[in-house]
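The values are calculated or read from the model by the stated rules, or taken from the named source; none is laboratory data. Model, not experiment: these values are computed from the prediction. FYI the Cβ positions are ideal-geometry reconstructions off the backbone, even for glycines, and counts take in every protein chain you see. Note: areas computed on protein heavy atoms with side chains; ligands, DNA, RNA excluded. Shrake-Rupley method; radii C 1.70, N 1.55, O 1.52, S 1.80 Å.
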Amino acid sequence: MFGCLVAGRLVQTDAQQITSDKFVFTLPDYEHVNHVVVFMLGTSPFPAGMGGAVYLCLPDPSAGQVWQLLGFITNEKPSAIFKISGLNAGEGGAHPFGMMEAHQVSSMAQVGVSVESLDLLAQQTPVSKALVSTVDSFTLFTQKMLDSLYNFASSFALTQAQMTPNPSEMYVPASSILKWYENFQRRMVQNPNFWKT
């Protein structure tokens, strides 16, 4: 029903089902993870009027299991990106997981999905540091593509003193690529669909 992508390197689709409405993923090596993506697999939607609250539990031997609300996913919003770097263990509030019987390994964090009513989800306040990304995948792809182009082109940068004349080669100043990059990013922020016109 759910999947979890850890920092672009590990996709998990085998959540441990704790109860009929609670699912947990483990995050090994969580100290080196900046973002987590939680998504629906598309195999079965949430029941009508329901969604999934997404929680994070960081290991903390002194506080036990403390879960922090990151945000939620629904049939209308089937995926979300959460920033988990900078969140602290032992900070959290009320949550539906309680002290689960599933033992938490001290070096692993956990991401939990709790199926709850949309009315209840709307009343909950996520941890502010989780900063749920509202950037759609196309905008994110475009930003990554711009970064890649600029970094690639910059890797060939030479000063004028380093250049050797080559009449068959055309050179473009790095400043013009940087200016294009900045203009494109500015236009994407103003209107992600500007390129369609």
If the requirement is being hydrophobic (A, V, I, L, M, F, W, C) and open to solvent by 60 Å² or more (accessible area, probe 1.4 Å), which of these qualifies: V37, V24, V33, V11?
V11
Here the residues within region 124-162 that are open to solvent by 80 Å² or more (accessible area, probe 1.4 Å), within 24 Å of M188 (Cβ to Cβ) and modelled with pLDDT of 75 or more are M145, N151, F152, S155
All but one of (1) open to solvent by less than 30 Å² (accessible area, probe 1.4 Å); (2) more than 14 Å from A109 (Cα to Cα) hold for L58; which doesn't?
(2)
List, please: which pairs have Cβ atoms under 8 Å, are six or more places apart or on different chains, and start with a residue in region 36-64 that is more than 13 Å from S114 (Cα to Cα) and end with one that is surrounded by fewer than 12 Cβ atoms within 10 Å (Cβ to Cβ) and at pLDDT 85 or above?
G49/D119
I'd like to verify a number: residues in region 163-181 that are open to solvent by less than 100 Å² (accessible area, probe 1.4 Å) and in a helix (DSSP H, G or I), how many?
6
For residues that are over 14 Å from L121 (Cβ atoms) and surrounded by 12 or more Cβ atoms within 10 Å (Cβ to Cβ), scanning just region 40-55, find the one that is farthest from the chain's Cα centre (by Cα).
P45
Tabulated pairs, region 184-197, first more than 14 Å from F141 (Cβ to Cβ), second open to solvent by less than 50 Å² (accessible area, probe 1.4 Å) and part of a helix (DSSP H, G or I), C-beta under 6 angstrom, 6+ apart or interchain:
R187/F194
